[in-house]
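Participant: Okay, here's the structure, questions in a sec.
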Amino acid sequence: MRFSHRMDGLPPYLFAEIERKVAEKKKAGVDVISLGIGDPDTPTPAHIVEEMQRQIADPANHRYPNNRGLDEFRQAVATFYKSRFGVDLDPETEVFPLLGSKEGIAHICFNFLDAGDVCLGADPGYPVYAGGPVLAGGEPVPLPLRPELGFQPDLASIPDDIVKRAKMLFVNYPNNPTGAVIENDFFEHLVEFGRRNDICIIHDNAYSEITFDGYVAPSFLETPGAKEAGIEFYSLSKTYNMTGWRIGAAVGNAEVIESLWRLKTNVDSGMFQALQRTAAFAMTSTQKPVREMCAIYQRRRDLVVGTLREIGIEVTPPKGTIYIWVPVPDGYTSAGFADMVLEKCAVVVPPGSGYGPSGEGFVRISLTAPEDRIAEALDRIKDNL
Ligand SMILES: *Cc1c(COP(=O)(O)O)cnc(C)c1O
């Protein structure tokens, strides 16, 4: 087969080797504990599952959906944004359904990038911030997030020639993988930067509802001028333990939404209406299960942070997300430490370098396992250090 050069440019899949080793160990009967994936371990709340059961039984939902999304879904997203963030959205022009944020991240690159165009993407960051631009024929440029700046990019340090070539920028707060949150005027700077340089800002909002210690995360669109600067991707995956359902939304700048819609009419045929109606229900009915889940994650977070402290690894307890970003002990690289932990402790933690060059020196611990399993994993690590 003669595959496209584009495929050669895709970043290597860094977890392939880890997955191979895990499979080998499991086959040999080893009790492997995975703190690797960012996939909620508790089920979708029962009231949402029951609504889906009702919707799926309705033949009206069995046809091709309209690509633009049901009014009911777009209205529910607008209602949620108004009540949760105080953000006004026009459901006609400023809301668009996505089959999960991931496809939105990949596809929107085709709306903006031609050969030679740059996409700035948080580093460490969600791997599609680099893969999407490559597929679209553009050039991903990492935007380093450093601990001393609270894992926010230093916009002023981006070289002028890169700024000139950049047409889009991906960031995400509360942040995967670092757990960093926004508590200052960074979004204001980002809006100003995007508008001054005509760079579309894309805020990948996957974790605004997963927060701790009373911290309430903002939407990027709360920032004055944000709708002129870009859009936000909202995902139901982490909020309602719906990762497998594939549902999210693009919200904000109407011109960008229109362009994304036009692109996607050529890619997919919209979202299953039963799912749109269930998502609308999830966003506008009780949010109590979300708070209960956050309490569970917060307990797990405290367990991890406390145990790491006993080992002599200091981490700031994150105020959001389902991850702890852990500096590796002296003398280890990210990959070396992850490898040691897998070989000696049978615990899977992804190396930070898998999320971009600035992730070197860290591993990511996911809070998506029951407390006793997390405790067991940390005990094993403690015994081997
Ligand atoms: C989980 C995650 C996503 C993916 O969301 P889906 O809606 O399930 O595709 C996107 N971005 C970040 C940063 C994530 O952690």
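Participant: Among the residues of the stretch 38-62, what is the count of those that are assigned to a loop (DSSP other than H, G, I, E, B) and either over 26 Å from the mean Cα position of the chain (by Cα) or without any contact (Cβ under 8 Å) to a residue 40 or more places away in the chain (or both)?
Facilitator: Applying the first criterion (assigned to a loop (DSSP other than H, G, I, E, B)) to the stretch 38-62 yields 38-45, 57-58, 62.
So of that shortlist, the ones also either over 26 Å from the mean Cα position of the chain (by Cα) or without any contact (Cβ under 8 Å) to a residue 40 or more places away in the chain (or both) come out as 57-58, 62.
Residues in the stretch 38-62 being assigned to a loop (DSSP other than H, G, I, E, B) and either over 26 Å from the mean Cα position of the chain (by Cα) or without any contact (Cβ under 8 Å) to a residue 40 or more places away in the chain (or both): 3 in total.
Participant: Would you say Ala106 is surrounded by fewer than 20 Cβ atoms within 10 Å (Cβ to Cβ) and part of a helix (DSSP H, G or I)?
Facilitator: Working: surrounded by fewer than 20 Cβ atoms within 10 Å (Cβ to Cβ): yes; part of a helix (DSSP H, G or I): yes.
Yes; evaluated as a whole, the condition is true for this residue.
Participant: Looking at Gly352, Gly312, can you tell me which residue is open to solvent by 20 Å² or more (accessible area, probe 1.4 Å) and not assigned by TED's automatic domain parsing to the domain that holds Asn172? Show your work before the answer.
Facilitator: Values: Gly352 fails: open to solvent by 20 Å² or more (accessible area, probe 1.4 Å).
Unique residue meeting the criteria: Gly312.
Participant: Now, a different point. Residues in the stretch 219-250 that are within 16 Å of the ligand (Cβ to nearest atom) and assigned to a loop (DSSP other than H, G, I, E, B): how many? Steps first, answer last, please.
Facilitator: Quick first cut of the stretch 219-250, residues within 16 Å of the ligand (Cβ to nearest atom) only: 219-220, 230-250.
Okay, now just the ones that are also assigned to a loop (DSSP other than H, G, I, E, B), so 219, 236-247.
Matching residues across the stretch 219-250 total 13.
Participant: Among the numbered conditions (1) in a loop (DSSP other than H, G, I, E, B); (2) within 16 Å of the ligand (Cβ to nearest atom), tell me where Phe96 comes up short.
Facilitator: (1) is the only condition that Phe96 fails.
Participant: Any residue at all in the stretch 262-272 that's under 28 Å from Glu148 (Cβ atoms), within 16 Å of the ligand (Cβ to nearest atom), of a type outside the set (Ser, Thr, Tyr) and open to solvent by 20 Å² or more (accessible area, probe 1.4 Å)?
Facilitator: No.
Participant: Continuing with this model, one more query. What's the number of the condition Leu378 fails, among (1) open to solvent by less than 10 Å² (accessible area, probe 1.4 Å); (2) in contact with a Lys or Arg (Cβ under 9 Å, 6 or more places away or on another chain)?
Facilitator: (2)
Participant: Among the listed residues Phe112, Phe151, identify the single one that is on the phi > 0 side of the Ramachandran plot, aromatic (Phe, Trp, Tyr) and open to solvent by 10 Å² or more (accessible area, probe 1.4 Å).
Facilitator: Working: Phe112 fails: on the phi > 0 side of the Ramachandran plot.
It is Phe151.
Participant: Please name all residue pairs, on different chains or six or more residues apart, with Cβ atoms under 9 Å, provided the first residue is in the stretch 172-187 and is outside the structural domain of Lys319 (by TED's automatic domain parsing) and the second residue is more than 11 Å from the ligand (Cβ to nearest atom) and of a type in the set (Asp, Glu).
Facilitator: Phe187/Glu222
Participant: Please enumerate the residues belonging to the stretch 63-73 that are touching a residue at least 24 places away in the same chain (Cβ under 8 Å) and either open to solvent by 10 Å² or more (accessible area, probe 1.4 Å) or part of a loop (DSSP other than H, G, I, E, B) (or both). Before you say what the answer is, go through the steps one by one.
Facilitator: Step one: list which residues in the stretch 63-73 are touching a residue at least 24 places away in the same chain (Cβ under 8 Å), which gives 63-70, 72-73.
Scanning the stretch 63-73 gives Arg63, Tyr64, Pro65, Asn66, Asn67, Arg68, Gly69, Leu70, Glu72.
Participant: Just need a number here: residues in the stretch 218-242 that are acidic (Asp, Glu), within 19 Å of Ser83 (Cα to Cα) and free of Cβ contacts under 8 Å to residues at least 60 places away in the same chain.
Facilitator: Initially, the stretch 218-242 is screened for residues acidic (Asp, Glu), giving 222, 228, 232.
The next check asks that each one be within 19 Å of Ser83 (Cα to Cα); those that pass are 222, 232.
Going one step further and asking which of them are free of Cβ contacts under 8 Å to residues at least 60 places away in the same chain, we end up with 232.
Total meeting the criteria: 1.
Participant: Read through the list (1) farther than 30 Å from Val348 by Cβ; (2) under 23 Å from the mean Cα position of the chain (by Cα); (3) more than 15 Å from the ligand (Cβ to nearest atom); (4) open to solvent by less than 20 Å² (accessible area, probe 1.4 Å), then give the number of the only condition that Gly86 fails.
Facilitator: All conditions pass for Gly86, except number (4).
The values are calculated or read from the model by the stated rules, or taken from the named source; none is laboratory data. Computed from a predicted model, the values in this text were never measured in an experiment. Every residue, glycine as well, gets a Cβ built from its backbone with ideal geometry; the counts of neighbours run over all protein chains shown. Keep in mind that these areas ignore ligands, DNA and RNA; they rest on the heavy atoms of the full protein, side chains included. Shrake-Rupley method; radii C 1.70, N 1.55, O 1.52, S 1.80 Å.
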